[in-house]
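For reference, the structure is listed below as structure tokens.
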Amino acid sequence: MDTEASMRPSTTPRSRALATEAVHAGRDDLAALGLHAPPIDLSTTYPSYDSRGEAERIDTFATTGARLDGSPVYARLDNPTTARFETALARLEGTESAVSFASGMAALTAVLLARASMGLRHVIAVRPLYGCSDHLLGAGLLGTEVTWTDPAGIAEAIRPDTGLVVVETPANPTLAEVDIRALAHSCGSVPLLVDNTFATPVLQRPVEHGARIVLHSATKYLGGHGDVMGGVVACDEEFAARLRQVRFATGGVLHPMAGYLLLRGLSTLPVRVRAASVSAAELSRRLAADPRIARVHYPAVGGAMVSFEVYGDPHRVISAVRLITPAVSLGSVDTLIQHPASISHRIVDEGDRQAAGVGDRLLRMSVGLEDVEDLWADLCQALSDPPARTAAGSVPESRPAGR
Ligand SMILES: *Cc1c(COP(=O)(O)O)cnc(C)c1O
């Protein structure tokens, strides 16, 4: 335990290429430990015969939020396996530190609470955001007061109690992009949080463009296989310390098994994102040329997400896909499609949703690693007129429409 903690580099600048970091970051000490795969530490508690020493360490953590040397005392303070994932993600995003959470929403919650605890309850946010992020900010669950604006309105919306500016780029689900550098400039001294879930550090490292806080739903591309939930915030060590204190007090910790799976996911992140992006770009070109499609959204930064608006009934497409899985979420090795107005953004007030460009005919597709011709064939049959599908005998007409 001592060995692991003391050998963990905390603020190593990113000097190796991203693909190399993806495979080696968070694992640098393994060879010295005589290991190849990272160990999983499932301990909830850690023995110590020195309770005076423990008291001191707890005081240190409570006052500074700094990572403890040696054992974590109790699993809500820290865990060596999740710490490996944090080290690796920080290296990929080019930040000093990263703090992991049980989900993306737990991560956003911790950021909002950390700022509110400094008396900074006001948040400025740009729509669209992921539906539940929109809901968390707007519903007042955490006592946050939000001003919704477009990038041009940020400077004007800043107040003395503004603690954060929140933006997603490319945004869920329209894939709308903002100029991070210009936006960071309008934030002045207010920290800009960029939700980088869709681009991943493979395509975009927001801190290099002036963002101070980078948030991920690790459930998506970082995990990459649709079998682990997690969230992570990459930032400077000062804010990371606050986040650790909030995480300790509120308990939204990432499970060590999830930490292990996320670290493993990171090692293939560059390969997965690049391969799926090639297919997504190709599908976006074919969809754009298809007369059944009214509009295609594909980000300039690239990526494996494609959104498109159909002329026909979007629920029919959802009910007709066969290879593609009709399911919410994204970033898995297999292709998923969903209807944001029904699912991912259902919780957003309809007027706000429409105003943010999330219309009723919009479908959001997360492109996986299947062969692009197989994906195109499935999309084409799903988009074709109902009689053609019935003739093929593949779709019972009575099947309820995609919910
Ligand atoms: C899914 C998602 C979240 C929420 O993450 P969870 O892991 O589901 O809690 C936040 N932001 C974006 C952009 C997402 O897609």
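The values are calculated or read from the model by the stated rules, or taken from the named source; none is laboratory data. The model shown is predicted, which means the values in this text are computed figures rather than measured ones. Quick reminder, even Gly has a Cβ in these numbers, built from the backbone with ideal geometry, and neighbours come from all protein chains shown.
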Would you be able to say whether some residue in region 145-162 is surrounded by 22 or more Cβ atoms within 10 Å (Cβ to Cβ) and touching a residue at least 40 places away in the same chain (Cβ under 8 Å)? yes
So, Val99, is that one within 15 Å of the ligand (Cβ to nearest atom), crowded, with 20+ Cβ neighbours inside 10 Å and part of a strand (DSSP E or B) or not? yes
I'd like the residue in region 295-307 that is of a type in the set (Gly, Ala, Ser) and buried (at least 16 other Cβ atoms within 10 Å of the Cβ) and, out of all such residues, is farthest from the ligand (Cβ to nearest atom). Gly302
Would you mention how many residues in region 205-216 are within 16 Å of the ligand (Cβ to nearest atom) and under 16 Å from Val126 (Cβ atoms)? 5
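Determine, yes or no, whether Arg121 is over 28 Å from Val228 (Cβ atoms), charged (D, E, K, R) and in contact with a strand residue (DSSP E or B) (Cβ under 6 Å, 6 or more places away or on another chain).
yes
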Give Val317, Val310, Val328 a once-over and let me know the one that is in the same structural domain as Val278 (by TED's automatic domain parsing), within 14 Å of the ligand (Cβ to nearest atom) and within 20 Å of Val358 (Cβ to Cβ). Val328
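Can Arg115 be described as assigned to a helix (DSSP H, G or I), in the same structural domain as Gly230 (by TED's automatic domain parsing), away from the ligand (no atom under 16 Å from the Cβ) and closer than 17 Å to Leu192 by Cβ?
Values: assigned to a helix (DSSP H, G or I): yes; in the same structural domain as Gly230 (by TED's automatic domain parsing): yes; away from the ligand (no atom under 16 Å from the Cβ): yes; closer than 17 Å to Leu192 by Cβ: yes.
Spelling it out, Arg115 is indeed assigned to a helix (DSSP H, G or I), in the same structural domain as Gly230 (by TED's automatic domain parsing), away from the ligand (no atom under 16 Å from the Cβ) and closer than 17 Å to Leu192 by Cβ.
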Among the residues of region 124-141, how many are away from the ligand (no atom under 15 Å from the Cβ) and either assigned to a helix (DSSP H, G or I) or in contact (Cβ under 8 Å) with a residue 24 or more places away in the chain (or both)? 1
The one condition Val296 fails out of (1) under 20 Å from the mean Cα position of the chain (by Cα); (2) part of a strand (DSSP E or B) is (1)
Can you confirm whether region 177-194 contains a residue that is within 26 Å of Gly65 (Cβ to Cβ) and within 12 Å of the ligand (Cβ to nearest atom)? yes
